[in-house]
Amino acid sequence: MGESLPAVAQLTNVTRWAHAAALALLCYDTLLTFQDEVKYIWSMNLSIIKVFIYGNRLLSFIVILIYVGPMVSLDRSSTNQYCQGIFIVTGVCFTVSFAMTNWIMLGRTKALLGGNRLYDTLLGIFYFGVLGMSVALIIVCLDSFISKTYYWPLLNMCGIVSRSKIT
């Protein structure tokens, strides 16, 4: 049973507003924690953790702006290749962000457990195992869905064909 066009349009609109809300929440969180960031992060020497914190924040803004962009754009000249590019960029951003966030969590866990060599080895194996599985999953998803990605000018949106019948 296919979805009706008005139902698809309504769900699309809800999704776009959810992305806008995510952007607003990210901006709010950034402003809310800015004073602590200045106090604790800005004074740190340059380190991998500091780079990851700012890199993760930047990637979050990029991904959310990618999804909010069509909401404010009046340009209807996008193509299927444009949507495939967005799909690939999003997959790469999520992978890199996931890796950075897990590295930070790994550092926190290591600090809590102390400098035990066995724990360090197990944490390293766990990190690279989870990262490897995540990268493999994203590659499989990209391979499976990239040919099904399309641009729908009527709603000014990108999508992935999962059903063949829309009434």
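The residue of the range 43-66 that is nearest to Ala111 (Cα to Cα), among those that are outside any loop (DSSP other than H, G, I, E, B) and of a type outside the set (A, V, I, L, M, F, W, C), is Lys50. Scanning the range 134-159 for residues that are assigned to a helix (DSSP H, G or I) and touching a residue at least 60 places away in the same chain (Cβ under 8 Å) yields one hit, Ile146.
Applying the set (1) surrounded by 14 or more Cβ atoms within 10 Å (Cβ to Cβ); (2) modelled with pLDDT of 80 or more to Ile48 leaves exactly one unmet item: (1).
Return a yes/no flag: does the range 135-143 have any residue that is more than 16 Å from Gly85 (Cα to Cα) and surrounded by 14 or more Cβ atoms within 10 Å (Cβ to Cβ). Yes, the range 135-143 has at least one match.
The values are calculated or read from the model by the stated rules, or taken from the named source; none is laboratory data. Note that the structure is a prediction, hence the values are computed from the model and not measured. Backbone-built Cβ (ideal geometry, glycine too); neighbour counts: all protein chains shown.
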